[in-house]
Amino acid sequence: NAGVTQTPKFRILKIGQSMTLQCTQDMNHNYMYWYRQDPGMGLKLIYYSVGAGITDKGEVPNGYNVSRSTTEDFPLRLELAAPSQTSVYFCASRGLAGDHEQYFGPGTRLTVT
Amino acid sequence: AQSVAQPEDQVNVAEGNPLTVKCTYSVSGNPYLFWYVQYPNRGLQFLLKYITGDNLVKGSYGFEAEFNKSQTSFHLKKPSALVSDSALYFCAVRDGGSSASKIIFGSGTRLSIRP
């Protein structure tokens, strides 16, 4: 049982480039989340999904897009990367009802220069 | 809107002493409260949660937390700190009145345990 996996672990982008951060969970969780964590700061919610085909904005969605075509996958797309998007990105998931806690992936460290 | 506050950026404790990491919250419905720990270059790991029932909840690694409704607090505690407890700790809250509600994280408290 791998839990929540994220790829890549590290990435350096030039300003204006685009990329997709991958997130996959094998726990059949309905809810999935993308957060960013800036140095020395807490987590900010970017986007979340309550099930396949359903996504919604979090606190800081500008500059990002998501899709949820399957239960397992929740990719995060960065278009026209900017230095302000330099951060560590975490994907998380949780199940329904009684499973209240979130399970986090190991993170993707992104630098935009 | 829900929110959570961790008033201390850093807490320093000597090994063997008790530790407390503070958290206060605001939520319109019933609070679901969580503590997570983050070690360097790692994702967040779940420590414990309060959903309902006893106000004192016990979690991983000997940690516990006390839910205080009147003070809207959920402080994390441990009777005897270990050097290995040094990490970044996050408090989080979700509105239990909605199954689709988002979990909101505090800004984190860095716990440093000196030998």
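For the reader, a short list of remarks on this structure follows.
- As for segment B:103-114, it holds at least one residue that is surrounded by fewer than 19 Cβ atoms within 10 Å (Cβ to Cβ), among the basic types (Lys, Arg) and within 14 Å of chain A (Cβ to nearest Cβ).
- Sole exception among (1) open to solvent by 60 Å² or more (accessible area, probe 1.4 Å); (2) closer than 20 Å to A:GLY3 by Cα; (3) of a type outside the set (Asp, Glu) for A:MET41, by number: (2)
- Selection count, segment B:26-37, where residues are more than 10 Å from the chain's Cα centre (by Cα) and open to solvent by less than 20 Å² (accessible area, probe 1.4 Å): 1
- Taking the numbered list (1) closer than 23 Å to B:GLN38 by Cβ; (2) hydrophobic (A, V, I, L, M, F, W, C); (3) open to solvent by 20 Å² or more (accessible area, probe 1.4 Å); (4) touching a residue at least 40 places away in the same chain (Cβ under 8 Å) in turn, A:PHE74 passes all entries but (3).
- Of all residues in segment B:22-35, those satisfying the criterion of being in contact with a Cys (Cβ under 8 Å, 6 or more places away or on another chain) and part of a strand (DSSP E or B) are B:TYR25, B:LEU33, B:PHE34, B:TRP35.
- All of (1) without any contact (Cβ under 8 Å) to a residue 12 or more places away in the chain; (2) open to solvent by less than 60 Å² (accessible area, probe 1.4 Å); (3) more than 14 Å from chain A (Cβ to nearest Cβ) hold for B:SER70 with one exception: (2).
- Residue match in segment B:42-56 (condition: part of a strand (DSSP E or B), over 18 Å from B:PHE105 (Cα atoms) and at pLDDT 95 or above): yes
- Every test in (1) open to solvent by less than 10 Å² (accessible area, probe 1.4 Å); (2) under 20 Å from B:GLY108 (Cβ atoms) is passed by A:SER49 save one, and that test is (2).
- Positions within segment A:104-113 being under 26 Å from B:ASP95 (Cα atoms) and in a strand (DSSP E or B), in sequence order: A:PHE104
- Which numbered condition A:ARG36 misses (of (1) within 30 Å of B:ARG110 (Cβ to Cβ); (2) surrounded by fewer than 19 Cβ atoms within 10 Å (Cβ to Cβ)): (2)
The values are calculated or read from the model by the stated rules, or taken from the named source; none is laboratory data. The model shown is predicted, which means the values in this text are computed figures rather than measured ones. So basically every Cβ, Gly included, is an ideal-geometry build from the backbone, and we count neighbours across all protein chains shown. Heavy atoms of the whole protein, side chains included, go into the accessibility calculation; ligands, DNA and RNA do not. Shrake-Rupley method; radii C 1.70, N 1.55, O 1.52, S 1.80 Å.
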